[in-house]
Amino acid sequence: MQSVRRVVEQWGTVISIDVRRADDEPPFDERAVDACVAWFARVDDLFSTWRPDTEIMRIGRGELAVEDASPEVRTVLALCEQMRLESDGAFDVTFGARADVTMRPGLAPLDPSGLVKGWAVARGGDLLCAAGATNFFVNAGGDVLTRGHADAVAGIDVTGWRLGIQHPWVRDRVAAVLVVSDAAIATSGRYERGDHVVDPRSGRPAIGLASVTVVGPDLAVADAYATATVVLGASVGMRWLATRVGYEGMGITDEHAVLLTPGFDRYRVS
Amino acid sequence: MSRAAPAVVATLLGLVALATFKSSPGVPGKSAAALPGKRSGATAAAPHRSTTTTTAAPPATRGSTPATNPGASPPATSANATRTVDGGPFDNQYGTVQVRVTLRGHQITDVTPLQMPVDRQRSAEISQQAAPLLLQEVLQAQSAQIDIVGGASYTSQSYAQSLQSALDRAGN
């Protein structure tokens with residue numbers, strides 16, 4: 001088993017890329033990983049809310065019209081608007097522009113960060129696929145894209161990747177172990193960060209759900225769904241999530257209960 | 001879905017099942033050998049895969065109890081040498097986290113914090129707890145045969161980042 005592994009610091013977090021090949025397969029061309037890393041850097045140049053010169057910050061300040069922005073930025077903002085409508089405002093990247101919102105470092109008038117990471121990782125995965133990678137994962141600060149399986153070993157039944165979801169309170173534990181193959185897995189939640197998910201409709205911290213993990217085909221959508229579900233809360237949010245076609249989720253409530261959408265168990269092994 | 005499905009949510013719509021949360025649902029029983037303090041190297045954790053190398057991880061142990069590593073040929077002496085590698089510093093809202101990893105061969109035998117945030121009350125609480133608990137997390141993830149850890153949080157994420165960078169520098 002060959003493993004091409006790359007770890008880069010990007011977007012204020014760390015991105016791990018891991019491509020696996022069986023020994024009888026030709027070596028994977030690492031230039032595809034280089035292209036992936038270069039793509040992540042371009043995403044930062046376009047979307048970072050920590051630098052004043054990015055397109056997203058210029059749009060937020062009214063210095064750049066959306067229609068004059070890069071195709072990537074327009075694509076992401078269109079997807080953000082779709083998510084806002086779908087979630088009835090629970091996911092809203094214009095939250096920072098509200099008059100009653102206190103600005104803080106990293107919060108911008110226009111802040112699609114919660115969706116951009118997943119979106120960019122998904123496109124990075126497309127680059128790896130196009131270069132012939134069949135078994136790999138990309139993990140960007142806990143948001144994960146997987147393809148194929150971990151070990152392409154002849155005669156060994158390997159059905160996917162084993163993914164542990166970090167426990168919200170007990171840091172030496174995982175809250176669940178999933179087996180996923182071609183999937184996107186996004187988690188939103190508070191952990192020890194305090195009430196960091198703000199309900200954009202009220203401006204108050206979201207309560208009820210400490211953590212939501214969403215599994216589905218698209219990491220950008222999974223990312224937005226996870227955030228929206230936390231905002232919507234345990235009862236409304238998990239019901240809403242259960243009606244998202246192609247996506248399943250696990251929510252952990254403040255009372256330490258686990259809420260699963262009906263199809264989530266097919267991913268879960270413990 | 002055979003778990004207890006109480007109350008409101010499930011009955012109203014039948015959409016969401018509510019399962020009793022277990023505080024140790026990970027892989028109970030498989031983590032005992034991986035708790036911190038056991039620095040004897042008996043953790044039987046899966047070696048981290050090296051970049052473009054063939055690993056000696058026995059695939060048959062995936063998801064099972066830690067193996068005794070029966071079939072593997074004895075590694076070269078140099079591969080068993082103990083060394084320490086420092087990870088990079090990573091910032092979060094509470095401060096900077098940096099860890100030092102001790103490896104015997106490709107196996108993590110210890111993780112010690114070089115820097116942990118101390119600048120605020122909340123940070124102090126985290127600093128007091130984070131290192132030992134996070135050490136368990138790191139080692140247990142290996143013993144549980146997990147390929148990937150999803151989810152994220154500031155301090156533990158910074159910790160994982162620093163650890164990851166140390167492993168990267170070690171060529172582990």
- Message: Can you go through A:ARG51, A:ARG58, A:ARG74 and tell me which one is free of Cβ contacts under 8 Å to residues at least 12 places away in the same chain, more than 26 Å from A:VAL19 (Cα to Cα) and buried (at least 17 other Cβ atoms within 10 Å of the Cβ)?
- Response: A:ARG58
- Query: Which numbered condition trips up A:SER16, out of (1) over 22 Å from B:PHE90 (Cβ atoms); (2) of a type in the set (Ser, Thr, Tyr); (3) modelled with pLDDT under 95?
  - Reply: (1)
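Okay, residues lined up against (1) surrounded by fewer than 23 Cβ atoms within 10 Å (Cβ to Cβ); (2) at pLDDT below 85:
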{"residue": "A:VAL179", "(1), (2)": "yes, no"}
{"residue": "A:ALA184", "(1), (2)": "no, no"}
{"residue": "A:GLU192", "(1), (2)": "yes, yes"}
{"residue": "A:VAL214", "(1), (2)": "no, no"}
{"residue": "A:PRO217", "(1), (2)": "yes, no"}
{"residue": "A:PRO262", "(1), (2)": "yes, yes"}
{"residue": "A:VAL269", "(1), (2)": "yes, yes"}
- Query: Residues in segment A:61-72: is at least one among the small types (Gly, Ala, Ser), modelled with pLDDT under 95, within 16 Å of A:PHE95 (Cα to Cα) and assigned to a helix (DSSP H, G or I)?
  - Reply: no
- Query: Take the residues of segment A:198-212 that are within 14 Å of chain B (Cβ to nearest Cβ) and not aliphatic (A, V, I, L, M): which is surrounded by the fewest Cβ atoms within 10 Å (Cβ to Cβ)?
  - Reply: A:GLY208
- Message: If I ask for residues that are within 15 Å of A:VAL7 (Cα to Cα) and either in contact (Cβ under 8 Å) with a residue 12 or more places away in the chain or not small (Gly, Ala, Ser) (or both), which ones from segment A:21-48 would you list?
- Response: A:GLU30, A:ARG31, A:ALA32, A:VAL33, A:ASP34, A:ALA35, A:CYS36, A:VAL37, A:TRP39, A:PHE40, A:ALA41
- Query: Quick one: is A:ARG5 under 21 Å from B:GLY88 (Cα atoms), over 19 Å from the mean Cα position of the chain (by Cα) and without any contact (Cβ under 8 Å) to a residue 60 or more places away in the chain?
  - Reply: yes
- Task: Using the structure shown, decide if A:VAL76 is closer than 25 Å to A:ASP199 by Cα, in a helix (DSSP H, G or I) and at pLDDT 95 or above.
- Result: yes
- Item | Residue in segment A:111-121 that is in contact (Cβ under 8 Å) with a residue 12 or more places away in the chain, among the polar types (S, T, N, Q) and closer than 16 Å to A:VAL197 by Cα present | yes
- Do we find that A:SER16 is within 14 Å of another protein chain (Cβ to nearest Cβ), in contact (Cβ under 8 Å) with a residue 24 or more places away in the chain, among the small types (Gly, Ala, Ser) and assigned to a strand (DSSP E or B) in this structure? yes
- Task: Return the total of residues in segment A:219-260 being assigned to a helix (DSSP H, G or I), surrounded by fewer than 24 Cβ atoms within 10 Å (Cβ to Cβ) and within 9 Å of chain B (Cβ to nearest Cβ).
- Result: 3
- So A:ARG84, is it surrounded by fewer than 20 Cβ atoms within 10 Å (Cβ to Cβ), farther than 30 Å from A:HIS149 by Cα and either touching a residue at least 24 places away in the same chain (Cβ under 8 Å) or out of contact with any Ser or Thr (no Cβ under 9 Å at 6 or more places or on another chain) (or both): no
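The values are calculated or read from the model by the stated rules, or taken from the named source; none is laboratory data. Everything quoted here is computed from the prediction, not taken from an experiment. Cβ coordinates were reconstructed from backbone atoms using ideal geometry, including for glycine residues, and neighbour counts include every protein chain displayed.
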